[in-house]
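Worksheet for the structure shown next.
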Amino acid sequence: MMSSSDNKWKNTALVVIDMQNDFILQDGLMRVDGGQAIVPNVIKAVEVARRRGILVIWVVREHDPLGRDVELFRRHLYSGGKVGPTSKGSPGAELVDGLVIMEGDYKVVKTRFSAFFATHLNSFLKTTGINSLVVIGVQTPNCIRQTVFDAVELDYKHVTVIVDATAAASPDIHAGKHFLYL
């Protein structure tokens, strides 16, 4: 139960991006090297959010198994009858162990970098009264950055990234020393 002192969090959502097996596990098809190291911090952030009554939004990539909804530069990963990264229903599309969607949480499926692009996330957040976002997950220069940029463009009051609960392919990329990693 949320106490009256915790009401300050009622307009905030924690946005957890792409914490799926294909991005996090050692044998993941799109493994982000720094992903496994942040899992404990992501778990802790979700636990703290729930204790404070902060809405938890799970943003996941799920693609058509034939790759028909994948970016052009990734279509080769779905050719030849192989299961591509984060194909709907595949083990790679599941959340990494330790992360669970609970009652009251909300799930958004995306097919591009931004959690806002071609999804209903903005509409859902606005009608729920959310005006501030805390963003965690992978991968910093792509999905995290694009979601944050879009949130700013969409006039969210506060957009915060928890740096030690986000990751990229390398520490330099995570720190922004490289602009884009594809």
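The values are calculated or read from the model by the stated rules, or taken from the named source; none is laboratory data. Since we're looking at a predicted model, the values are computed, not measured. Methodologically, a virtual Cβ is constructed for each residue, glycine included, from the backbone with ideal geometry; neighbour enumeration extends over all protein chains shown. We work out accessible area using only protein heavy atoms, side chains counted, and drop any ligands, DNA or RNA first. Shrake-Rupley method; radii C 1.70, N 1.55, O 1.52, S 1.80 Å.
Quick notes on this structure:
- Cα-based shape type of region 96-147, given that a ≥ b ≥ c are square roots of the gyration tensor eigenvalues and the cut on a/c is 1.5: oblate
- The GluC sites (Glu not before Pro) of region 52-138 that meet both conditions, a loop assignment by DSSP and at most 11 other Cβ atoms within 10 Å of the site Cβ, are Glu103.
- In plain terms, the C-alpha convex hull of region 10-77 casts an average shadow of 5.8 nm² when viewed from every direction.
- DSSP-loop trypsin sites (Lys or Arg not before Pro) across region 104-147, with at most 16 other Cβ within 10 angstrom: Arg112
- In straight-distance terms, cross-link reach from Lys88 covers every one of the aspartates and glutamates whose alpha-carbon lies under 14 Å from its own, apart from those fewer than eight places away in the same chain; here that gives Asp18, Asp22, Glu62, Asp64, Asp69.
- The mean sequence separation of alpha-carbon pairs under 8 Å and at least six residues apart, normalised by the residue count of region 1-79, gives a relative contact order of 35 percent.
- Calculated Cα extents along the principal axes in Å (choose from (i) 75, 50, 27; (ii) 56, 32, 31; (iii) 54, 35, 32), label: (ii)
- Virtual spin-label span in nm between Asn7 and Arg74, 7 Å along Cα→Cβ: 4.2
- Dipole magnitude of region 29-126 about its Cα centre (Cβ charges: Lys, Arg +1; Asp, Glu -1), debye to nearest 20: 220
- In order along region 14-24, phi translates into HN-Hα couplings of 8, 9, 9, 10, 6, 7, 10, 3, 5, 9, 10 Hz, rounded to whole numbers, per the Karplus curve 6.51 cos²θ - 1.76 cosθ + 1.60 with θ = phi - 60° and x for Gly and Pro.
- Distance histogram in 5 Å bins (all Cα pairs of region 43-136, percent per bin): 2, 12, 20, 21, 18, 13, 9, 4, 1, 0
- Rounded to the nearest 0.05, the FRET efficiency derived from the C-beta distance between Lys107 and Arg51 at R0 = 22 Å is 0.60.
- Between Thr147, Phe124, Met30, the Cα set farthest toward the positive side of the dipole of the chain (charges on each charged residue's Cβ, about the Cα centre) is that of Phe124.
- Per residue, the average separation of C-alpha pairs within less than 8 Å and at least 6 apart gives the chain a relative contact order of 28 percent.
- With every protein chain in place, region 62-149: carbon and sulfur % of accessible area (1.4 Å): 59
- Using the Cβ-Cβ distance between Ser170 and His120 with R0 = 35 Å, the FRET efficiency computed as 1/(1 + (r/R0)^6) comes to roughly 0.55.
- Under-5 Å amide H pairs with Glu62, H placed in peptide plane, nonlocal only: Lys110
- In a simple Cβ point-charge model (Lys, Arg +1; Asp, Glu -1; nothing else charged), the chain has a dipole of about 300 debye relative to its Cα centre.
- Put simply, when 133-139, 32-38 are sorted by average Cβ atoms within 10 angstrom per residue, most first, you get 133-139, 32-38.
- Heavy-atom accessible surface of region 1-73, averaged per residue, reaches 50 Å², computed with a 1.4 Å probe.
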